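For reference, the structure is listed below as C-alpha cells.
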Amino acid sequence: MKVLVSGIAAVALMSGSAWVVAEDAPPKWEASAELGAINTTGNTETTSFNGKLDVIQNLERWKNTFAASVLYKEDQVENDAGIESSEKTAEKYFASVKSAYLLTGEYGNLFGYASHTHDEFGSYRKYTTVSFGYGKRLINAETLTLDAEIGPGYYWGDQVIDEDLGLVVQEEGAMLRAAADLKWTISENATFTQKLGVEGGDDNTRVQSDTAVSTQISGSLQMKVGYSVTHDTDVAIDKEKTDTTTYINLVYNF
C-alpha cells in the first residue's frame with residue numbers, strides 16, 4: 001500500500017501542470033461552518049448531530065488551515081429483556097491544522113500537518129498523526145482545481161481490542177501520508193468537492209474520503225450533501241474496517 005501510494009503521488013507531484021490560469025489574490029480569512037441535525041420520536045426515536053468548521057488564513061507566504069468536526073448519535077435500542085431505551089451509538093471528534101509555506105515561481109508549498117481523532121465507537125479510540133512534506137496544485141483552471149501533497153510522518157493510535165472491557169492496545173510508528181483535494185465548480189450555484197487522504201504505516205493504513213455536492217440557497221448560505229468514509233486495514237475481530245457517514249448540512253460561509 002505504501003509503495004503504491006508513494007508511486008502515484010510522486011508521479012503526480014513531479015508532473016508539470018500545464019492547465020493553469022491566473023487567479024486573483026484570495027481574502028486573508030476564509031471560513032465556513034456546517035450543521036446538520038435529525039430528531040425523530042414515536043415508534044422510532046433517533047437523535048443525530050454533526051457539525052464542521054473550516055478556517056483558512058491566507059498570508060503573503062503562508063497558508064494556514066484549521067478544521068474541526070463532531071458527530072453524535074443516539075438510537076432507540078432493545079436489550080435482552082425486551083426493554084427499549086435511548087443509547088448513544090456514535091460519538092466522534094476530529095481536529096487538524098496545516099501550515100504551508102508557499103514557494104515562489106510555482107504552485108507548490110512545503111507543509112506541516114497534524115491531526116487528532118477521538119472516536120468512542122470506532123476501531124481506534126484515539127488516532128494522532130504528524131507529517132511534513134511537499135504539496136503542489138496540479139490543476140488550476142477557472143472551474144476546476146486539484147491539490148496534492150505527500151510526505152513522511154508519525155502516528156499514535158489506541159486500537160480497541162475489547163469494547164466491553166475497555167481494552168485498548170497502543171500503536172505508534174512511522175508512516176507515509178498522501179492527500180488530494182479536488183474542487184469542481186459545476187455551475188454558478190453548485191460545487192462538487194472530493195477530499196482523499198491515505199496514511200500508510202507498518203501496523204495500519206488509514207484511508208479517509210469525503211465526497212460532497214453543495215448548492216447555494218441564498219447569499220452565504222448553502223446546502224451540502226456528502227458521503228464520508230474512514231477505512232482501517234488493522235482492526236479487532238469484532239470491529240468493522242470501514243465506517244461511513246451520509247449527511248445533509250446547512251453551510252454558512254463567512
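Read the figures in this text as sums done on the coordinates, not as results from a lab. In this text, all values refer to a predicted model and were calculated from it rather than measured experimentally. Backbone-built Cβ (ideal geometry, glycine too); neighbour counts: all protein chains shown.
Quick one: compute the contact order of the stretch 2-253, relative version, from alpha carbon pairs under 8 angstrom and 6+ residues apart, as a percent.
14 percent
Give me the number: length gained by fully extending E45 to D203, i.e. 0.36 nm times residue separation minus the C-alpha to C-alpha distance, one decimal in nm.
Length difference between fully extended and current span is 53.0 nm.
Taking each pair of distinct Cα atoms in the stretch 75-196 once, what is the resulting Kirkwood hydrodynamic radius in Å?
Computed over Cα pairs of the stretch 75-196, the Kirkwood hydrodynamic radius comes out at 17.7 Å.
Once the cut-off is 15 Å, how many percent of the Cα-Cα pairs in the stretch 158-213 end up in the long-distance tail?
Taking all Cα-Cα pairs of the stretch 158-213, the fraction more than 15 Å apart is 64 percent.
Can you flag which of K126/K195; K136/K241; K136/K183; K28/K63; K88/K239 are past 19 Å Cα-Cα?
Pairs exceeding the cut-off: K126/K195; K136/K241.
Per residue and in cubic angstrom, what volume does the convex hull of the Cα atoms of the chain have?
With only Cα atoms used, the chain gives 130 Å³ per residue.
For the stretch 153-254, which GluC sites (Glu not before Pro) pass both filters: DSSP loop (anything but H, G, I, E, B) and at most 13 other C-beta atoms within 10 Å?
E188, E240
As a footprinting exposure proxy, order V198, V229, V168 by other Cβ within 10 Å, with the fewest listed first.
V229, V168, V198
So what's the back-of-envelope 222 nm ellipticity for the chain, counting only DSSP H runs of four-plus at -39500 (n - 2.57) apiece and dividing by all residues, rounded to 500?
-1500 deg cm²/dmol
How far is helix 2-14 tilted off the main Cα axis of the chain, in degrees rounded to 10, range 0 to 90?
30 degrees
With a Cα-only, solvent-free Debye model of the stretch 66-134, what are the log10 I(q)/I(0) values at q = 0.14 Å⁻¹?
Once normalised to I(0) and log-transformed, intensities are -0.61.
Size of the dipole of the stretch 211-254 about the Cα centre, Lys and Arg at +1 and Asp and Glu at -1 on the beta carbon, nothing else charged, in debye to 20?
I would put it at about 300 debye.
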